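What follows is a single structure, written as C-alpha cells, with notes after it.
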Amino acid sequence: MRVALDVSAVPAHVAGAGRYVVEIARRLPAAGVDVALVSRRDDAERWRSWSPQASVEALVPTGRVPRLLAEAWRLGTSSVAREATVWHGPHYTMPRRGSTPTVVTVHDLTFFTHPQYHEAAKAAFFQRAIRYAAAHAEVLICVSEFTARQLRAIVRDLPPIVVAPHGVDLDRFHPQSPTTTEVPYALFLGTIEPRKGLETLLEAFAAVAQDTPDLELWLAGQSGWAEQDVRRLLEDHPARSRIRRLGFVDDAALPSLLARARAVVYPSRVEGFGLPVLEAMACGAVVVTSSGTVMEEIADGAALLCSPGDAVALSATLQRAIDLDGEARRDLERRARQRAEVFTWASSVERHLTAYDLAAGR
C-alpha cells in the first residue's frame, strides 16, 4: 500500500496535532507502508530527517492561503495522489479534486461547539472543511471516542469512523528521580490561547500563592491566538514575580520539566485529546485537569479533576495536588504511569492501517 500523507500544515514548533502528524509519519514505514510525505517546498529536509524511510514530495507552496489553495485544487490530481492507494489529510482538510480514496483526521469539534475560542474566519473555514470531509472522504479518523461522539452528534450521513487515540513515547516520557535543589513549581503546558483556561489558572494561583509562599507557576508553550489577554493578566497578577513564561520548550527538555513539577495543571475547557495530560502522566506527574472533558476520559481516575472555568475549585484542587505527599502521592504517580502505558503510537498506527484498508476497499 502506498499512502500520500499531507504534512504541509505542521508548523516550525511541533505540538498537539503537529506532534501527531510527526509520529505517524515516522512510524508508518516501519509498519510496511510505502509513504509519500507531501510537504511545503521549504520544509523537505525536516521531513527527510524525521522519516528517512519515506519519500518526500515538496509540492506545497509556503503561506497559509497558497497552501490551502494548492491542497484544494492541485494536489488531488498530482502524480503523487494518482500513484497513491490512499491520500491522508491529517488536519481536517482534503483535496477537492481527484479520485484517490481519502482518509481525513478530525481532531476536535470546537469549531462547532466553541467557535468563540477561534478567530471567526478560522472557525467558519474548518466548519466547512469538516462537513466537506464528512461528505467526500472514504473514512474519517477521530483521535478520541469523545471527538467521535461529538462528530456523530453534529454531522449527519458520516462515512466509517476509525477512532485512533494518540500515543506517547514511553521511553522518552518516564518518571525521574526528584531533586531537592529546584524551587517547587506547578507547570502548565500548552499553546497560550483562550480555550486553555489560563485566566482561570492565574486566578487560582493567586489564592494558592498566598498559602504556599515558595511555589512558582511555570507556563510552557508557544504563543497563540488572543495571547494579549493573558499578558494583561500577568502584568497585573499579585504574584507575578513567581510566574515564569518559558515559551516553547524543546523536545529534549520537556520530559524532565514534566516529571519534576509538583503538579502539572491543564485546565483547558475543551479539547479533542489533550496530549500534554498523557505526556505528564507518562512521566508519573500529579496532574490537575478538567472534569467533563476528554482529559477526564484519558486520565480514567489517575488525575485530579475540577470543573473547567471554576477558579475556586481549581485553587482547591491545585492546593490538594501540591500538598499531596507520601504514599498517597506515590500511588497517584504509579496509577498515572500505568494509565499512560495504555496509549502507544504503535496502537495508533495499527488503527490508521485499518482506516487505510477501509478507504482502499480492502
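Since every read-out is calculated from the coordinates, none of them should be taken as a lab result. Note that this is a predicted model, so its numbers are computed, not measured. In this analysis, Cβ positions are derived from the backbone assuming ideal geometry, glycine residues included, and neighbour counts consider all displayed protein chains.
Laid out as a table, the results:
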item	result
Unit charges on C-beta of K, R, D, E only; dipole of the chain, Debye	1000
FRET efficiency estimate (nearest 0.05) - Cβ-Cβ, residue 183 to residue 163, R0 35 angstrom	0.30
Under 5 Å, built H, 5+ apart or other chain: amide partners of residue 291	306, 307
Three-way shape call for segment 279-325 based on the alpha-carbon gyration tensor, with the a/c threshold at 1.5	oblate
Estimated D of the chain in µm² per second, where Rh is the Kirkwood radius over Cα pairs and Stokes-Einstein applies at 20 °C, 1.002 mPa s	101
Sites residue 347 and residue 41 - FRET efficiency at Förster radius 41 Å, r taken between beta-carbons, to 0.05	0.75
Normalised contact order of the chain, rounded percent, pairs of Cα under 8 Å and 6 or more residues apart	16
Segment 185-340: C-alpha gyration tensor shape, a/c 1.5 cut-off, then a/b vs b/c	rounded
Additional length obtainable on full extension of the chain from residue 226 to residue 325, 0.36 nm per residue less Cα span	31.9 nm
